[in-house]
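The values are calculated or read from the model by the stated rules, or taken from the named source; none is laboratory data. Computed from a prediction, not measured in an experiment: that's the story for all the values here. Positions of Cβ are generated from backbone atoms using ideal geometry, with glycine treated the same way; all protein chains shown enter the neighbour counts.
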Amino acid sequence: MIPSVAQRIDAIWRIESAKLIAGLARMVRDVGLAEDLAQDALVIALEKWPESGIPDNPGAWLMTTAKRRAIDLLRRNKLRDKKYEEFGRGSALYTEDDLESAMDGTIQDDLLRLIFTTCHPILSREARVALTLRLLGGLTTDEIAHAFLVSEATVAQRIVRAKRTLSSAQIAFEAPEGEQFRERLSEVLEVIYLMFNEGYAATSGANWIRPLLCQEALRLGRILAETAPDEPEIHGLVALMEIQSSRFRTRVNATGEPILLMDQNRALWDQLLIRRGLAALERAKSLGRPLGPYALQAAITACHAQARSASETDWARIAALYEALSRVMPSPIVELNRAVAISMAFGPAFGLQLVDQLTAEPTLKDYHLLPSVRGDLLLKLNRLDEAREEFERAASLTRNERERELLLKRAEECRLRE
């Protein structure tokens, strides 16, 4: 099926919006204004492209359009002539030829600057993550709310207040150095981690995976690793993303349907990415500090990557690593994953006991993977009617179309076996 112009514009926006907002934020020194200007450019594209056609370099077109809107705004607001002249001299319009070079850099990378700006300590932790995911990840408030298991209204309020706070405080658009860099690093890593996770298993929409979002998160992680080579958790996060990325070719079939980990063809996993991930994990270990949450998760993925087949996976070690992870990053979701590992190592009955203890956890009330895991364990115990109900409940909770189809298919399989 040939995608419509609107669908193509939506895809372009998801790819280009972060670079566009970051470039504009560097120019106008206001994150909220930068997003508004980018949205204005999108509206103009939606009006013009269906008639004129999509340009050869849509990113350059959007940047030039947004830049012109910025100049118009300065004129309307009658800002000082000096300010306007400086802006005009220092921000020449982007052309299709030089857009990419204008967006390149190391620590001066606009996207990286934007992450550190939106992760400023003046904001609450929740606001930092929500704002950065919105601006750099292109996630909707609904997707962010689902990722944090909170209401959409709560996320929307956090984002609005965060932009207002940054604007009022006139926070500099820059990547910090020294102690300030380390202070903000954990928030930056969390944002990159959540961005990657959204690409690895999309919370909503018609696609199970969004590889471009993962690629951008991995690119930012690699930049950070080069900038701060002595920070073990950066290498741990990069290792995690490298190894997880190695599975992309096997995570969906030719029609886009999800393929679960145990059913994937491991011969098709990208060995180069696995080697890079294992090397990054060794780098994290070599720095002599206790492994943090990202390095521990990387160690878990390494167990899968190093097993030649699903049956050879060292599930006992994975369960132990989840136990260590639960101590440094307590979370009901970590406990759910630990229950899965224990079920694989010691049998589904043991895992089900742990999962049943989580059913009363308030934050997991609408988390679709809880009934999905419970359904899988019940299926292995041949409790088919209960398993079917759990898969149906999980299907009703997920907002990813592909995942819903998979869960309903598993529910139907239970019904046929009853």
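A few points about this structure:
- Selection within the stretch 251-288: residues that are within 16 Å of HIS304 (Cβ to Cβ) and of a type in the set (Lys, Arg). The member of this set that is nearest to the chain's Cα centre (by Cα) is ARG251.
- Residue that is modelled with the lowest pLDDT, among those in the stretch 161-189 that are surrounded by 14 or more Cβ atoms within 10 Å (Cβ to Cβ) and of a type in the set (A, V, I, L, M): ALA175
- Test: residue in the stretch 110-124 that is part of a loop (DSSP other than H, G, I, E, B), of a type outside the set (Ser, Thr, Tyr) and modelled with pLDDT under 80: no
- Any helices (runs of 4 or more DSSP H) falling wholly within the stretch 194-273 and containing at least 2 residues that are at pLDDT 90 or above and of a type in the set (S, T, N, Q): 232-245
- Under the condition of being in a helix (DSSP H, G or I) and surrounded by fewer than 19 Cβ atoms within 10 Å (Cβ to Cβ), the residues counted in the stretch 279-289 number 4.
- Contact map, the stretch 133-162: residues that are over 18 Å from LEU213 (Cα atoms) and of a type in the set (Lys, Arg) paired with residues that are at pLDDT below 95 and buried (at least 21 other Cβ atoms within 10 Å of the Cβ), Cβ distance under 8 Å, separation 6+ or inter-chain. Pairs shown: ARG158/ALA127; ARG158/ALA130; ARG158/LEU131; ARG161/ALA127.
- Residue within the stretch 315-324 that is part of a helix (DSSP H, G or I), among the hydroxyl-bearing types (Ser, Thr, Tyr) and modelled with pLDDT under 95 present: no
- Evaluated against (1) in a loop (DSSP other than H, G, I, E, B); (2) closer than 21 Å to ILE259 by Cβ, PRO330 falls short on exactly one condition, (2).
- Residue within the stretch 243-251 that is in contact with a strand residue (DSSP E or B) (Cβ under 8 Å, 6 or more places away or on another chain) and among the basic types (Lys, Arg) present: yes
- Contact map, the stretch 269-294: first residue over 9 Å from GLY236 (Cα atoms), second residue part of a loop (DSSP other than H, G, I, E, B), Cβ cut-off under 7 Å, separation 6 or more or different chains; pairs are TRP269/SER246; TRP269/ARG247; ASP270/SER246; LEU273/SER246; ILE274/SER246; LEU287/ASP230.
- Scanning the stretch 387-412 for residues that are loosely packed, with under 15 Cβ neighbours inside 10 Å and more than 16 Å from THR203 (Cα to Cα) returns LYS409, GLU412.
- Taking the stretch 26-55 as the range and being without any contact (Cβ under 8 Å) to a residue 60 or more places away in the chain, over 22 Å from the mean Cα position of the chain (by Cα) and under 15 Å from LYS163 (Cα atoms) as the test, the residues that pass are VAL28, ASP36, LEU37.
- Taking the stretch 355-418 as the region of interest, the helices (runs of 4 or more DSSP H) fully inside it that hold 2 or more residues being more than 22 Å from ILE342 (Cα to Cα) and in contact with a Lys or Arg (Cβ under 9 Å, 6 or more places away or on another chain) are 384-397, 401-417.
- Tally, over the stretch 360-385, of residues that are modelled with pLDDT of 95 or more and polar (S, T, N, Q): 2
- The residues of the stretch 193-215 that are closer than 12 Å to ARG404 by Cα and of a type in the set (Ser, Thr, Tyr), listed by number, are THR203, SER204.
- Within the set LEU358, LEU336, LEU370, LEU406, the sole residue that is within 30 Å of LEU139 (Cα to Cα) and touching a residue at least 40 places away in the same chain (Cβ under 8 Å) turns out to be LEU406.
- Scan of the stretch 136-159 for residues that are part of a loop (DSSP other than H, G, I, E, B) and of a type outside the set (Gly, Ala, Ser), ordered by number: LEU139, THR140, LEU149, VAL150
- Test: residue in the stretch 290-300 that is loosely packed, with under 14 Cβ neighbours inside 10 Å and either out of contact with any helix residue (DSSP H, G or I) (no Cβ under 7 Å at 6 or more places or on another chain) or part of a loop (DSSP other than H, G, I, E, B) (or both): yes
- Contacts under 6 angstrom Cβ, first residue in the stretch 188-204 being closer than 18 Å to ARG251 by Cβ, partner among the acidic types (Asp, Glu) and at pLDDT below 85, 6 or more apart: THR203/GLU143; SER204/GLU143
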